[in-house]
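Throughout, read-outs are computed from the coordinates displayed, never taken from laboratory work. Keep in mind that this is a model prediction, so the values were computed, not measured. All Cβ positions, even for glycine, are placed from backbone atoms using ideal geometry, and neighbour counts span all protein chains on display.
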Amino acid sequence: MQTLTQYQADKTDIRALYQSLLHAPTHHLSEARHFLRSQLQLAAPHLADLPESPARLEAHILMNNARTARAYREYIKVRRQGQPRRFFTNRAHALYFLRNVAPTKLVDGAWLYGVLQQWHDPRMHDLVRTYLEELGDGEPDQNHVLIYRDLIARKDIQDLESLPDDRFLQGTLQLALGQLAGEFLPEIIGFNLGYEQLPLHLLISTYELTELGIDAHYFRLHITIDNASTGHARRAARAVLDNLPSEGQQAFWRRVRQGYQLNELGASSTGVITEFNLDRELCRVLEDKARVARHMHSDFCRIDGRTINEWLDSSGQIAALLDALQQKDWIKRHQDPANSRFWRLIQSNRAPMFGVFSDYELQLLHDWIAGEWLEEQQLRITGRRGSPSQQDPLVEASHRNEEVALQKTLATLPEEERTRHLIELMAPARHFTPQGLAATRLFSRRLS
Ligand SMILES: [Fe+2]
Ligand SMILES: [Fe+2]
């Protein structure tokens, strides 16, 4: 948070920079540079959880990994003994988490985009490979950004407009690094090293999302792909050693550690999880809704002597309205929501207000009404095991067509332009489009 305050003191709009670096990066390089420098100043390298010398890096990573595995085993043990979930109190809480980390997840891998330019340099091999794997080598059901986009669309939480600014900080850092690989390579290598470690919170989130019946494919994928023996974590460590200069190793290592520390800035996954407050989030969402719904109700329905239009007429009344709904027995908290008249009014597909609330809003209302009843239920819904969705043959055909069209375009270009064209299509804002996916597949094949 401290970093965001500092950043805002620069009078730069972090959301605007996120969007600019995503959609028109070449016009905003000096802002990106300025932003990165200011954030690097805040990232103290001595705090990085890394050894003093890069020679001990691999051993250090393996040790950390073993510690995470032990902590996770302990977590599973206590859960099996009947302890409640550690992260998510209910489904609404989990959806809140998915929405709040979305600006970061939607640019997954972006910090490595710039290294594609150096694909022919063997020292870049592991970083280039990691970027391609983030993009699923152009296979739509393996492209991390596409998987996350699909997840939040299915949960109806893809509106990110009203998120606080600090949610955009990590994503902006990633996009900025991806545009300035020529100047910030050691920092990118360090950031990548930090990002690709397997954290305990990822293991626990995956377990609890699945338990709540929420597709955890995106998270599970990162457990397997970021592992320390063969996955991205291993590649990240190798990239440090491959790029160590023969002179000035200490200075290089210092910059790597500083880049590693960038992972600590902005809103963290665990921060987002612990800050969740169901009452507050419900009121926020309903206040937003009220702004749109004002004057759209008939005056027949009165609660506590006031019409719904009167209740919604000015902001800040939602908590009082919820109180009134309880007083008048429209809402019976801490029992099955089906017992509440208000819930029946909004929920079933024959209900008078069906379709007014999004899935996320319904989940918040449901979990708020159910309250302690939900905890008693100890709902253990087994979720979809998150197997990647089967490719639709029509979609597959259109992907093939896209590839053929791209190959035709490439054939009209001189050899040196072809790779450049592919790389342009693999930018963070484009790689998940049909054209971007086709470009990634062709690029991956050329490399192998
Ligand atoms: Fe990823
Ligand atoms: Fe990764």
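Under the combined filter of DSSP loop state and at most 10 neighbouring Cβ atoms within 10 Å, the stretch 81-173 retains these GluC sites (Glu not before Pro): E161. From the square roots a ≥ b ≥ c of the eigenvalues of the alpha-carbon gyration tensor of the stretch 2-276, which class results: rounded (a/c under 1.5), prolate (a/b over b/c), or oblate? It is oblate, given that a/c is not under 1.5 and a/b is not larger than b/c. For the chain, the longest principal axis of the alpha carbon atoms and the long axis of helix 144-154 meet at an angle near 10°. Once C-alpha pairs closer than 8 Å and six or more residues apart are averaged by separation and normalised to the residue number of the chain, the relative contact order reads 21 percent.
Peptides 25-38, 166-179 ranked from most to least packed by the mean count of surrounding Cβ atoms within 10 Å: 166-179, 25-38. The value of relative contact order for the stretch 262-380, using C-alpha pairs under 8 Å at least six residues apart, is 21 percent. Could you tell me the distance between the Cα centroids of the stretch 300-369 and the stretch 19-60, to the nearest Å? Between the Cα centre of the stretch 300-369 and that of the stretch 19-60, the gap is 46 Å. Legend: P(r) of the stretch 279-377 from all alpha carbon pair distances, 5 Å bins from 0, whole percents, reading 2, 13, 22, 29, 23, 8, 2, 1.
Compared with the dominant Cα axis of the chain, that is its longest principal axis, helix 200-211 is turned about 40°.
Take every pair of alpha-carbon atoms less than 8 Å apart whose residues are at least six positions apart; their mean separation over the length of the stretch 393-447 yields a relative contact order of 38 percent. Residues whose amide H lies under 5 Å from that of N227, counting only those 5 or more places away or on a different chain, are H232, A233; hydrogens are built 1.01 Å from N in the peptide plane. Annotation for the stretch 241-281: GluC sites (Glu not before Pro) lying in DSSP loop with at most 14 further Cβ atoms inside 10 Å of their Cβ are E247. For the stretch 391-444, rounded, prolate or oblate, judged on the Cα gyration tensor with a ≥ b ≥ c (square roots of eigenvalues), a/c < 1.5 rounded, else prolate if a/b > b/c? It is oblate, given that a/c is not under 1.5 and a/b is not larger than b/c. Extension gain, E372 to R86, is 101.3 nm, computed as 0.36 nm per intervening residue step minus the present C-alpha separation. Amide H contacts of I303 (H built 1.01 Å from N, in plane; Pro and chain starts excluded): I308 sit under 5 Å, all sequence-distant by 5 or more or on other chains. Can you tell me the 0 to 90 degree angle between the C-alpha axis of helix 434-447 and the longest principal axis of the chain, rounded to 10? The two axes meet at around 30 degrees. Shown in residue order for the stretch 180-194 are the 3J(HN,Hα) couplings computed by the Karplus curve 6.51 cos²θ - 1.76 cosθ + 1.60 at θ = phi - 60°: 10, 4, x, 9, 10, 4, x, 5, 5, 4, x, 4, 4, 4, x Hz (x for Gly and Pro). Listed peptides 311-322, 69-80 appear in the order 311-322, 69-80 once ranked by packing, highest mean of other Cβ atoms within 10 Å at the front. How high is the FRET efficiency from E415 to S38, r the C-beta distance, R0 45 Å, rounded to 0.05? Between E415 and S38 the formula returns 0.65.
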